[in-house]
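Colleague: What follows is a structure written as structure tokens; I'll ask about it next.
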Amino acid sequence: MIKKADLKQLDALNDLFDQYRRFYKKPSDLEASKAFLKERIEKSESEIFMAWEGETATGFVQLFPLFSSTRMARYWLLNDLFVAPEHRGKGVSKALIERAKDLCRETKACGMYLETSKDNHIGNQLYPATDFKLMDSVNFYEWAMGIKNEE
């Protein structure tokens, strides 16, 4: 079952979020991650959906709103998608993506973006299988505080 996350599920969400961050080689920081998630929920700055198997949280997806000026419409950034290792292979990630697509329809968005690393073999198989198209016609660039572009 997929349900929108609220503050009542914050502890279960935080556990999954911490696992997600550790997957991306970030140090565990349960206090900071809980504050981050709490603020996103309280300020309605993201949409978070959680997958459940009975009383057990098995995965989540977090989306942030963007806008397309040329299309004059909302876009969603699928920023985070995680399924606990013991629940993988059961269709949980596909169900979370379908819920994200429903959010796009509900908000009359023109679509959603996501980014994943080239070595994320599971994700790079999952996303095309759920109708995402690899965009090779654009270049994505990043500017980050305190990091100079080295040539």
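The values are calculated or read from the model by the stated rules, or taken from the named source; none is laboratory data. All values derive from a computational prediction rather than experimental measurement. Reconstructed Cβ throughout: ideal geometry from the backbone, glycine too, with neighbour counts over all protein chains shown.
Colleague: Filter the stretch 17-52 down to the residues that are surrounded by 14 or more Cβ atoms within 10 Å (Cβ to Cβ), not hydroxyl-bearing (Ser, Thr, Tyr) and not in a helix (DSSP H, G or I) and list them by number.
Modeller: Passing the criteria: Glu47, Ile48, Phe49, Met50, Ala51, Trp52.
Colleague: Another question about this same structure. Residues of the stretch 20-47 being of a type in the set (A, V, I, L, M, F, W, C) and in contact with a helix residue (DSSP H, G or I) (Cβ under 7 Å, 6 or more places away or on another chain), which ones?
Modeller: Leu30, Leu37, Ile41
Colleague: Looking at (1) surrounded by 13 or more Cβ atoms within 10 Å (Cβ to Cβ); (2) in a loop (DSSP other than H, G, I, E, B), can you tell me which one Arg99 breaks?
Modeller: (2)
Colleague: Please enumerate the residues belonging to the stretch 102-121 that are surrounded by 11 or more Cβ atoms within 10 Å (Cβ to Cβ), out of contact with any Gly (no Cβ under 7 Å at 6 or more places or on another chain) and free of Cβ contacts under 8 Å to residues at least 12 places away in the same chain.
Modeller: Those that are surrounded by 11 or more Cβ atoms within 10 Å (Cβ to Cβ), out of contact with any Gly (no Cβ under 7 Å at 6 or more places or on another chain) and free of Cβ contacts under 8 Å to residues at least 12 places away in the same chain: Asp102, Asn120.
Colleague: For the stretch 56-92, how many residues meet the condition of being modelled with pLDDT under 95, loosely packed, with under 12 Cβ neighbours inside 10 Å and assigned to a strand (DSSP E or B)?
Modeller: Residues that pass the stated criteria total 0.
Colleague: Separate question: Can you name the residue in the stretch 59-104 that is under 11 Å from the mean Cα position of the chain (by Cα) and of a type in the set (Phe, Trp, Tyr) and is also nearest to Phe132 (Cα to Cα) among such residues?
Modeller: Trp76
Colleague: Keeping to the stretch 6-19, report how many residues are in contact with a helix residue (DSSP H, G or I) (Cβ under 9 Å, 6 or more places away or on another chain) and within 15 Å of Val92 (Cβ to Cβ).
Modeller: Residues that pass the stated criteria total 2.
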